[in-house]
1. For A:Thr6, which of the numbered conditions (1) in contact with a Ser or Thr (Cβ under 9 Å, 6 or more places away or on another chain); (2) hydroxyl-bearing (Ser, Thr, Tyr); (3) open to solvent by 50 Å² or more (accessible area, probe 1.4 Å) fails to hold?
2. Taking the residues in segment A:36-53 that are in a loop (DSSP other than H, G, I, E, B) and among the β-branched types (Val, Ile, Thr) as candidates, determine which candidate is nearest to the other protein chains (Cβ to nearest Cβ).
3. Quickly run through segment B:14-31 and pick out the residues that are of a type in the set (A, V, I, L, M, F, W, C) and open to solvent by 70 Å² or more (accessible area, probe 1.4 Å).
4. Within segment A:71-81, does at least one residue satisfy the condition of being surrounded by fewer than 18 Cβ atoms within 10 Å (Cβ to Cβ), in contact with a Phe, Trp or Tyr (Cβ under 7 Å, 6 or more places away or on another chain) and either more than 7 Å from every other protein chain (Cβ to nearest Cβ) or closer than 30 Å to B:Asp37 by Cβ (or both)?
5. Which of the numbered conditions does B:Thr66 fail, given that it passes all the others? Conditions: (1) outside any loop (DSSP other than H, G, I, E, B); (2) open to solvent by 20 Å² or more (accessible area, probe 1.4 Å); (3) among the β-branched types (Val, Ile, Thr).
6. Only one of A:Val48, A:Val78 is at pLDDT 95 or above and in contact with a helix residue (DSSP H, G or I) (Cβ under 6 Å, 6 or more places away or on another chain). Can you tell me which?
7. In the list A:Leu112, A:Leu30, A:Leu56, which residue meets the criterion of being in a strand (DSSP E or B) and in contact (Cβ under 8 Å) with a residue 12 or more places away in the chain?
8. Just to verify a result, which residue in segment B:54-70, among those that are under 15 Å from B:His132 (Cβ atoms) and hydroxyl-bearing (Ser, Thr, Tyr), is farthest from the other protein chains (Cβ to nearest Cβ)?
Number of protein chains: 2
Amino acid sequence: MSRARTDAEQVEVVNTAFYEAVERGDFEELSAIWLDDEISCVHPGWPVLSGRGEVLRSYALIMANTEYIQFFLTDVKVTVLGDTALVVCTENTLSGGPAEEAGELGPLVGQLIVATNVFRRTEDGWKLWSHHGSPVLAENGEEEDDETPA
Amino acid sequence: MSRARTDAEQVEVVNTAFYEAVERGDFEELSAIWLDDEISCVHPGWPVLSGRGEVLRSYALIMANTEYIQFFLTDVKVTVLGDTALVVCTENTLSGGPAEEAGELGPLVGQLIVATNVFRRTEDGWKLWSHHGSPVLAENGEEEDDETPA
């Protein structure tokens with residue numbers, strides 16, 4: 001008998017599905033995860049994109065220019081207040097652009113990105129309302145005990 | 001007779017007050033704007049900070065190291081769903097560190113930052129639940145008609 005999932009667990013499942021859809025380049029799945037209402041999205045280093053048209057076009061563009069991308073999520077923290085869930089997580093990404101020669105994979109690049117994802121409870125499950133990802137440019141080092149070796 | 005403010009207008013007032021508190025270095029006002037619950041904050045280029053302790057300490061640190069900061073907010077967009085409000089805006093900041101010589105202002109630096117701010121409705125007004133600011137590193141140029149001159 002399976003135990004009913006808590007709100008936070010449900011949200012984490014959708015948060016993971018969001019990144020997996022990008023990894024697979026599954027545009028349909030990704031579209032279904034975003035809310036129908038006014039959504040907003042900030043890709044690392046980008047200005048704000050607003051509305052489904054702008055946001056989904058950006059993913060189509062990113063998917064077309066990304067041969068390979070993988071997210072290793074760490075420090076995932078879910079907070080649910082009423083019908084809204086806030087997820088902060090660190091995206092350790094490994095990605096590669098299209099190869100210059102056919103059949104080859106472009107050079108892989110690792111990036112450390114932090115994301116704030118806001119989800120809304122709907123009749124159709126939790127849906128993504130806002131995604132904001134940004135590059136970690138400097139260690140502030142205050143609370144980090146597990147520093148990566150230099 | 002003053003017209004009652006809509007939710008979105010109330011949220012925008014608090015959003016503006018948040019930036020003004022940072023401009024004035026008003027730590028008490030800033031503390032009062034943040035929610036009591038589990039908050040999170042990402043400063044441009046920083047990792048995630050969680051909880052009032054970490055978040056407010058970071059502002060104390062920033063205020064101590066900032067002689068002058070001014071925010072010119074543009075493209076402010078407020079969306080309210082139930083008891084949560086999502087604000088995206090562009091922070092055109094102008095800031096200066098402490099002067100090297102007493103009585104002088106440090107060099108001023110302009111920065112283009114985009115922010116996603118999440119507010120919760122409380123009995124005490126709208127409170128900040130999450131702030132995520134990130135530097136705009138590249139123009140994607142898709143929808144921008146009003147490009148700044150080079």
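1. (1)
2. Step by step, filter segment A:36-53, then rank; the result is A:Val48.
3. The one that is of a type in the set (A, V, I, L, M, F, W, C) and open to solvent by 70 Å² or more (accessible area, probe 1.4 Å): B:Phe27.
4. Looking through segment A:71-81, at least one residue is surrounded by fewer than 18 Cβ atoms within 10 Å (Cβ to Cβ), in contact with a Phe, Trp or Tyr (Cβ under 7 Å, 6 or more places away or on another chain) and either more than 7 Å from every other protein chain (Cβ to nearest Cβ) or closer than 30 Å to B:Asp37 by Cβ (or both).
5. (1)
6. A:Val78
7. A:Leu112
8. By that ranking, first place goes to B:Tyr59.
The values are calculated or read from the model by the stated rules, or taken from the named source; none is laboratory data. Being a predicted model, the structure only gives us computed values, none of them experimental. Ideal geometry is used to build each Cβ from the backbone, glycine not excepted, and the neighbour counts take in all protein chains shown. The area values use the complete protein model at the heavy-atom level, side chains included, leaving out ligands, DNA and RNA. Shrake-Rupley method; radii C 1.70, N 1.55, O 1.52, S 1.80 Å.
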